[in-house]
1. Please say if the chain is rounded, prolate or oblate, where rounded means a/c under 1.5 for a ≥ b ≥ c the square roots of the C-alpha gyration tensor eigenvalues, and otherwise the choice is prolate for a/b larger than b/c and oblate otherwise?
2. Roughly what angle does helix 13-24 make with the longest principal axis of the chain, taking Cα atoms, 0 to 90 degrees, to the nearest 10?
3. What does the extension gain come out to for residue 122 and residue 186, with contour length at 0.36 nm per residue minus their alpha carbon separation?
4. Would you please put 30-39, 56-65, 73-82 in order of how densely packed they are, using the mean number of other Cβ atoms within 10 angstrom per residue and starting with the highest?
5. Measuring from centroid to centroid over Cα atoms, what is the spacing of region 112-158 and region 183-212 in Å?
6. Subtracting the Cα-Cα distance from 0.36 nm times the residue separation, let me have the gained length for residue 115 to residue 145 in nm, one decimal.
7. By how many degrees, 0 to 90 and rounded to 10, does the Cα axis of helix 100-111 deviate from the longest principal axis of the chain?
8. Which shape class applies to region 1-95: rounded if a/c is under 1.5, otherwise prolate when a/b exceeds b/c and oblate if not, where a ≥ b ≥ c are the square roots of the Cα gyration tensor eigenvalues?
């Protein structure tokens, strides 16, 4: 069976916001909206595999999409990047013992490059940068790059979070290392970028908008 494709995002920015408001009311999701999540309560990761599921990316942020895409999930610890971060930062294992180098090497062999890496030197440099990111978050807290556009707090980048039909969060498989670091540090509140929202879950967005 061919996996359904993610819809082409025809409406963007203010037009997407307006279309959502017409369909969902004044509390409708917004494009690139900043929400707040508790990383310790994330239990599921979206199966982001174009051969099996719609491939939702940042350009789909704030789209209200019906269907059963929100049922295509796995336990969040299935992410080898998150598992490696927990092993390294929480359990003090060296990166070389977490399996992350093997995964990266295999992905590069398959695709030619992966996460901007082509060589083992690139991989070592990348994970040295992840170490620096961990130190920065541990010292200064989780960085919040929220900007206010059209009266709404928006996060152009950041951890990507979908909202399912019951209003619960699903990790959208973008920002794995940051989620892994947040879980290793036992953080309970971080900013995230809103991903795709199931229409039945849209009324529950208020719980993720409270900055208190």
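Every number here is computed from the coordinates shown, using simple stated rules; none is lab data. Note that the structure is predicted; figures quoted are calculated from it, not measured. Because the Cβ atoms are built from the backbone with ideal geometry, glycine has one as well, and the counts that use them run over all protein chains shown.
1. On the way: a/c = 1.94, a/b = 1.47, b/c = 1.33.
Here the chain falls in the prolate category.
2. 60
3. Numbers: separation 64, 0.36 × 64 = 23.04 nm, distance 2.89 nm.
Length difference between fully extended and current span is 20.1 nm.
4. Values: 30-39: 22.3, 56-65: 19.5, 73-82: 16.9.
With the highest mean Cβ count within 10 Å placed first, the list reads 30-39, 56-65, 73-82.
5. Here the answer is 19 Å between Cα centres.
6. On the way: separation 30, 0.36 × 30 = 10.80 nm, distance 2.16 nm.
Once the chain is fully extended between residue 115 and residue 145, it gains 8.6 nm.
7. 70
8. Prolate, because a/c is 1.5 or more and a/b exceeds b/c.
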